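A.B. asks: Handing you a structure now.
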Amino acid sequence: MSIKKKIQNIFDHEVSEQFRINIPIEQTEYLIGGELHQWQGDMQNVLSPICETKNSSTERITIGSYPLLSEREAMQALEAAAMAFDHGRGKWPTLKVEERIKHIENFAFGMKEKREEIVNLLMWEIGKSLKDSRKEFDRTVEYIMDTIDALKELDRNSSRFEIRENIIGQIRRSPLGVVLCMGPFNYPLNETFTTLIPALIMGNTVIFKPPKHGVLLHRPLLDVFREAFPPGVVNTVYGDGKVVIGPLMESGRLDVLAFIGSSRVADILKKQHPLPHRMRSVLGLEAKNPAIILEDADLDLTVEEAVTGALSYNGQRCTALKIFFVHENIREEFLKRFTKKIEALNIGMPWEEGVHITPLPEDNKTTYMREYIEDAEKHGAGVMNESGGLSQGSIMFPAVLYPVNEKMRIYHEEQFGPVIPVLSFKDIEEPLKYIVQSKYGQQVSIFGRQTGEIAHLIDPLVNQVCRVNINSQCQRGPDNFPFTGRKDSAEGTLSVSDALRVFSIRSLVAAKGSELNKEIITEILKENKSNFLSTDFIF
Ligand code: G3H
């Protein structure tokens, strides 16, 4: 069947029993202070990216709704989190590290039992393919286990004293206070948890707001959170950011903002805090990662990486390759092979075997993508692949645009979707200049073979972006590697071990080495009187 024909009838689909969800899912619960409260106010309808055809028009299926909480509930969540932290005197921040680890392990255990339910909701709520939804879930559980191991390691290194200039000291990391965690719709589970879990395990208390697309998939975890943590340690808020997040920021009582989303929103939030220097920010923002394809690049490998780099989850990844600079001498061959491979991609519903291109969750996203194409066409580019830009409702076949230039919006803006701009270059200074002038500075991919040329690019590029990938697409993982960016792309560094540092601060207990002090310290240790001042070794 031609792609055109397939797209025309794309939403006439049968869903097998295994992937069905019971709709509507009316979520009325929200978790504050260890209790699941029932909301009776306004609700937000949840529209799936999956559509149905009704009276010859294509409409998104309503799969449920969630609470549109008010400022009152947001402030209750803040009170609960602040009370659980209690200026560092609460049960959670003063708990032994080993005990906190047990709570997190219990949570991970409970979470694993919800795998199937959450994977199905990921497909229905954000249109992620079955394979990638499973990957997101499993990667998140793995991240939790790796975080536990990293904390054990960190704790082992701190379970000793240092003596300098006759001063005895024990240095550990302590929590910062109340953390607000907000993840993005493209990794609603994984990226929320890459801040939530390290924040919790370090002894902070948390308010978390799931992304607009990706609320219902957290519902199965509400009970697991409630059972695994003491009251007030994890609290949830839902609703309009202006209503529920604005007052939290303006209260000045948040100690950390962990936000993954756009720099525009991050700037608004930071400005709302009356004491910005008191709030630490951990931000993962936009990017416009370029691929530089050199004259001698292995084109089979390059095309393989270019397709997954640009189009995994329809290009909706901050790390996606979002602009391609191809050496003029191989431009024709690259475009031929690249568009051929793209035309062979499967488009369909998330649960279909081998599917690559799936419906997009954001409202009017296909219109927005089409505007990029029209703007590029107006300034001299064309769509290089036969099916590029074909769309129906929320789904769109990827479009390769060539030749792209600086007059086009897609040259500058992060498209976050299935439109791929390509330029050719003669002089390597052209892509280098683009990177220097870009607002973003996350990663770059270089494709080529000549070691001299590659090395010559690595040295300046590591000072422009934070990861240079060789013959490989850009990506966040492995999660033990640092993930960050320069300019408008990030603030702070995340990785399994970096995140533990980001959500904590070094604190120490110090004493002049007098006999009295030595006796006091020895007795505290011997009788296990303190959870901080301790040489206990976690195995
Ligand atoms: O959207 C940004 C994600 O952190 C990208 O992660 O490279 O593993 O897909 P990924």
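A.B. asks: Hey, got a sec? Which trypsin sites (Lys or Arg not before Pro) in the range 483-539 land in a DSSP loop and have at most 16 other Cβ atoms within 10 Å? If you can, show how the numbers build up before the last one.
C.D. replies: Details: sites: Arg486, Lys487, Arg501, Arg506, Lys512, Lys518, Lys526, Lys529; in loops: Lys529.
For trypsin sites (Lys or Arg not before Pro) across the range 483-539 that sit outside H, G, I, E and B with at most 16 neighbouring Cβ atoms in 10 Å, the list reads Lys529.
A.B. asks: Take the alpha-carbon positions of the chain, form their convex hull, and give its projected area averaged over all directions (one quarter of the hull surface) in nm². If you can, show how the numbers build up before the last one.
C.D. replies: Details: hull surface 110.2 nm².
One quarter of the hull surface, i.e. the mean projection, equals 27.5 nm².
A.B. asks: Which aspartates and glutamates have a Cα lying under 14 Å from the Cα of Lys54, excluding residues fewer than 8 positions away in the same chain?
C.D. replies: The reachable aspartates and glutamates, counting only those whose Cα sits under 14 Å from Lys54, are Asp12.
A.B. asks: Find how many whole Å separate the alpha carbon centroid of the range 300-354 from the alpha carbon centroid of the range 1-69.
C.D. replies: Measuring centre to centre over Cα atoms gives 29 Å.
A.B. asks: Grab the beta carbon distance between Asp223 and Ile538, set R0 = 30 Å, and tell me the FRET efficiency rounded to 0.05. Walk me through the intermediate numbers first.
C.D. replies: Values: r = 28 Å, r/R0 = 0.95.
After rounding to 0.05, the efficiency reads 0.60.
A.B. asks: Could you compute Rg(Cα) / (2.2 N^0.38 Å) for the range 20-159, with N its residue count?
C.D. replies: Working: Rg = 19.7 Å, N = 140, 2.2 N^0.38 = 14.4 Å.
In units of the 2.2 N^0.38 Å rule of thumb, it is 1.37.
A.B. asks: Mind ranking Ile470, Ile118 by accessible surface for me, highest first, 1.4 Å probe? Present the calculation step by step, with values, prior to reporting the outcome.
C.D. replies: Details: Ile470 75, Ile118 0 Å².
These residues rank, largest area first, as Ile470, Ile118.
A.B. asks: What number results when the radius of gyration of the range 1-48, computed over Cα atoms, is divided by 2.2 N^0.38 Å?
C.D. replies: Details: Rg = 18.3 Å, N = 48, 2.2 N^0.38 = 9.6 Å.
Output field value: 1.91.
A.B. asks: Among residues other than Lys54 whose Cβ falls under 14 Å from its Cβ, what is the net charge (Lys/Arg +1, Asp/Glu -1)?
C.D. replies: Values: positive: Arg60; negative: Asp12, Glu52, Glu59.
Here the charged neighbours net out to -2.
A.B. asks: Work out the P(r) tail for the range 234-383: percent of alpha carbon pairs separated by more than 23 Å, whole number.
C.D. replies: Details: 6159 of 11175 pairs.
When every Cα pair of the range 234-383 is considered, 55 percent fall beyond 23 Å.
A.B. asks: While we're looking at this one, here's another question. Students often get this wrong, so check it: of Lys4/Lys135; Lys152/Lys209; Lys5/Lys112; Lys102/Lys271, which have C-alpha atoms separated by over 32 Å? Walk me through the numbers on the way to the answer.
C.D. replies: On the way: Lys4/Lys135 30 Å; Lys152/Lys209 28 Å; Lys5/Lys112 40 Å; Lys102/Lys271 37 Å.
Pairs exceeding the cut-off: Lys5/Lys112; Lys102/Lys271.
A.B. asks: Additional query: Using 0.36 nm per residue of separation minus the Cα-Cα distance, give me the extension gain between Arg160 and Lys270 in nm, one decimal. Could you put the intermediate results ahead of the total?
C.D. replies: Working: separation 110, 0.36 × 110 = 39.60 nm, distance 3.78 nm.
Separation in residues times 0.36 nm, less the Cα-Cα distance, equals 35.8 nm.
A.B. asks: In addition: Out of the GluC sites (Glu not before Pro) in the range 328-436, which ones are loop residues according to DSSP with at most 12 other C-beta atoms within 10 Å?
C.D. replies: Values: sites: Glu328, Glu332, Glu333, Glu343, Glu352, Glu353, Glu362, Glu371, Glu374, Glu377, Glu386, Glu406, Glu413, Glu414, Glu429; in loops: Glu352, Glu353, Glu362, Glu386, Glu406, Glu413, Glu414.
Loop-located and lightly packed - Glu353, Glu406.
A.B. asks: Moving to a separate point now. Provide the percentage of antiparallel DSSP beta bridges, counting only those with both residues in the range 18-128; round to the nearest 5.
C.D. replies: Working: 13 of 15 bridges.
Rounded to the nearest five, the antiparallel share is 85 percent.
A.B. asks: Express in whole angstrom the spacing between the alpha-carbon centres of the range 89-136 and the range 246-298.
C.D. replies: 24
A.B. asks: Find the lysine pairs in the range 301-386 meeting two conditions, Cα atoms under 19 Å apart and a separation of 8 or more places or different chains, and report how many there are.
C.D. replies: Details: Lys322/Lys336; Lys322/Lys340; Lys322/Lys341; Lys322/Lys365.
Taking the range 301-386 as the scope, the lysine pair count is 4.
A.B. asks: Quick one: if you take sqrt(5λ) for each eigenvalue of the C-alpha gyration tensor of the range 386-538, what semi-axes come out, biggest first, whole angstrom? Spell out each step's value before the answer.
C.D. replies: Values: eigenvalues 530, 84, 38 Å².
Three semi-axes, in Å: 51, 20, 14.
The values are calculated or read from the model by the stated rules, or taken from the named source; none is laboratory data. Source: prediction; values computed, not measured. Cβ sites come from the backbone with ideal geometry, for glycine too, and all protein chains shown count toward neighbours. The area values use the complete protein model at the heavy-atom level, side chains included, leaving out ligands, DNA and RNA. Shrake-Rupley method; radii C 1.70, N 1.55, O 1.52, S 1.80 Å.
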